[in-house]
Amino acid sequence: MMTVRVLFVCLGNICRSPMAEGIFQHLVDEAGLSDQIEVDSAGTSSWHVGERAHRGTRNVLHQHGIAYEGRARQITPHDFDRFDYVLAMDDSNLSDLRRMLPDGSQTVVRRFLDFADGVPTREVPDPYYDGRFEEVYKLVRQGAEGLLAHIRAEKGL
Ligand code: 4NP
């Protein structure tokens with residue numbers, strides 16, 4: 001059976017990309033696609049490697065009934081071989097990823113919100129600086145729904 005692998009990437013891997021991972025995994029589970037779609041997240045920086053997600057991200061996921069136990073890690077070159085989609089939370093993450101992308105890689109490297117309909121922005125604002133975790137949750141949820149619809153259509157799942 002085909003497995004589609006999706007990696008969400010932000011700067012620290014403690015606020016936005018763990019939120020996207022948790023929400024998207026939840027939608028994948030609900031859709032009964034856990035065996036076909038594999039989900040992970042990583043940071044472009046090493047700053048928070050090994051740490052749990054930010055309390056704000058853990059709280060907002062918990063409030064919406066989503067369990068998340070992941071620990072922060074930094075992206076590696078190998079991730080571009082392994083994952084079919086490597087999705088940036090903002091433009092700065094995207095340019096960092098493009099710089100790391102190995103020549104000839106087939107991975108789709110895009111902004112996460114490029115797959116969302118009806119959102120007012122293509123970048124996920126960083127709640128690390130302003131504490132707006134609930135607003136970011138709503139945006140990421142819309143993005144995750146759009147992404148899942150896109151992958152299902154593209155891969156026939
Ligand atoms: P994230 O947020 O990239 O969404 O995980 C940040 C986390 C930590 C820092 C910046 C952004 N920091 O400067 O340590």
| remark: Mean accessible area per residue over the stretch 4-155 (1.4 angstrom probe, all protein chains present, square angstrom) is 48
| task | Report, by chain and number, residues whose modeled amide H sits under 5 Å from the one on VAL39, excluding near sequence neighbours (fewer than 5 apart, same chain). | result | VAL6
| message | Given an 8 Å cut-off on Cα distances and at least 6 residues of separation, report the relative contact order of the stretch 4-155 as a percent. | response | 27
| said: If amide hydrogens are placed 1.01 Å from N in the peptide plane, which non-local residues have theirs closer than 5 Å to the one on GLN74? | reply: GLY43
| Calculated from backbone phi, Karplus (6.51, -1.76, 1.60) coupling profile of the stretch 118-123 in Hz, x at Gly/Pro | x, 9, x, 8, 9, 10
| task | Pop out the ³J(HN,Hα) list for the stretch 59-75 in order, Karplus 6.51 cos²θ - 1.76 cosθ + 1.60 with θ = phi - 60°, rounded to Hz; leave Gly and Pro as x. | result | 5, 5, 5, 4, 4, 9, x, 10, 7, 9, 10, x, 10, 5, 9, 9, 4
| request: Could you order peptides 13-26, 54-67, 31-44, 97-110 by the average number of other Cβ atoms within 10 Å of their residues, highest first? | output: 13-26, 31-44, 54-67, 97-110
| What do you get when you divide the Cα radius of gyration of the stretch 4-155 by 2.2 N^0.38 Å, with N the number of residues? | 0.94
| remark: Of all DSSP beta bridges with both partners in the stretch 4-155, the antiparallel percent, nearest 5, is 5
| Backbone HN-Hα couplings from phi across the stretch 31-39 [Karplus 6.51/-1.76/1.60, Hz, Gly and Pro as x] | 7, x, 10, 4, 7, 9, 10, 10, 10
| note | A 1.4 Å probe over the protein heavy atoms gives the chain a carbon and sulfur accessible-area percentage of 45
| query | HIS54's amide H: which non-local residues (gap 5+, or another chain) put their own amide H closer than 5 Å, with H modeled 1.01 Å from N in plane and none for Pro or chain starts? | reply | CYS15
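The values are calculated or read from the model by the stated rules, or taken from the named source; none is laboratory data. If you're wondering where the values come from, they're calculated on a predicted model, not measured in any experiment. Cβ: placed from backbone, ideal geometry, glycine included. Neighbour counts: every protein chain shown. Note: areas computed on protein heavy atoms with side chains; ligands, DNA, RNA excluded. Shrake-Rupley method; radii C 1.70, N 1.55, O 1.52, S 1.80 Å.
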